[in-house]
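J.: Below you will find the structure I want to go over with you.
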Ligand SMILES: [Cu+2]
């Protein structure tokens, strides 16, 4: 009876770990795709880890006083089984990861709005330089620095270029990461699903000012975004409008 109590405790522990590791609602479609994959893999990895560790503990305990160890005998059926099981797990991991990689938000260069999965896109040109960021909204002819404002629930396509060396746009909370090369345009895409303020970093060591190469991403409701864009267009260079964007996030409508 003691054994069944231990088994039930272990099952409870496993369930608890799964619940603990389950991410909260994601802030973007990219983040959701990555979190879902992590969760799927966790459900495979956790039972396997428990199985391996329990087998190890059992073997150590069961054979602790074995003064007459004998060589392992061949067992083709067992060997075929564990090889096939390992193969099946690797295929599952590969297929799951492939579908996330093929997602147009994760691999934007492999998809276009014409594919039907994407709606109307807001285009934003991102320039990385030693050591800062410039964000240009071509539709409104607005340029900002150190603050990237995005509309919520809209597809956004980033056209990324570098003025000098290799940089990398990295917004962990939005699941966004894309290298930026001089003399070459790369793409990134997202759809933010929650208003808020997120950190943007350069994720490629790009010189002595690399650690300062940060910006803030502000996600606003569509109407607030439109108002912000109109503000910026009316008074380009007016730093106060950036503060307004942050204030809107602090007190979302
Ligand atoms: Cu950089």
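J.: Can you give the FRET efficiency to the nearest 0.05 for residue 199 and residue 65, using r as the Cβ-Cβ distance and R₀ = 41 Å?
T.: Efficiency, rounded to the nearest 0.05: 0.15.
J.: Between residue 212 and residue 11, what is 0.36 nm times their sequence separation minus the Cα-Cα distance? Round to one decimal in nm.
T.: My answer for the length gained is 67.7 nm.
J.: Right, next: Given the convex hull of the Cα atoms of region 121-250, what is a quarter of its surface area in nm²?
T.: Taking a quarter of the hull surface, the average projection is 7.1 nm².
J.: Ranked by Cβ crowding within 10 angstrom, fewest neighbours first, how are 194, 147 ordered?
T.: Ascending number of Cβ neighbours within 10 Å: 194, 147.
J.: How much FRET efficiency would the formula 1/(1 + (r/R0)^6) give for residue 91 and residue 125, where r is the Cβ-Cβ distance and R0 is 35 Å, rounded to 0.05?
T.: 0.30
J.: Based on the Kirkwood radius over alpha-carbon pairs, what value in µm²/s does the Stokes-Einstein equation return for the translational diffusion coefficient of region 1-103 at 37 °C and 0.692 mPa s?
T.: Using the Kirkwood radius from Cα pairs, D works out to 192 µm²/s.
J.: Right, next: Compute the relative contact order of region 121-250 as a whole-number percentage, counting only Cα pairs closer than 8 Å that sit 6 or more residues apart in sequence.
T.: Computed value for region 121-250: 26 percent relative contact order.
J.: Full extension from residue 101 to residue 48: what is 0.36 nm times the residue separation minus their Cα-Cα distance, to one decimal in nm?
T.: That pair, residue 101 and residue 48, stretches by 16.6 nm at full extension.
J.: Take every DSSP beta bridge whose two residues both sit in region 121-250, then give the antiparallel share in percent to the nearest 5.
T.: 65
J.: Considering all projection directions equally, how large on average is the shadow of the alpha-carbon convex hull of region 139-209, in square nanometres?
T.: For region 139-209, the mean projected area of the Cα convex hull comes to 5.3 nm².
J.: While we're here: What area, in nm² and to one decimal, does the C-alpha convex hull of region 76-190 cast on average over all directions?
T.: The directionally averaged projection comes out at 10.4 nm².
J.: Express in nm, to one decimal, how much length is gained between residue 223 and residue 145 on full extension, taking 0.36 nm for each residue of separation and deducting their alpha carbon distance.
T.: Going from the current span to full extension adds 25.9 nm.
Read the figures in this text as sums done on the coordinates, not as results from a lab. Computed from a prediction, not measured in an experiment: that's the story for all the values here. Using ideal geometry, Cβ is built from the backbone for each residue, glycine included, and neighbour counts are taken over all protein chains shown.
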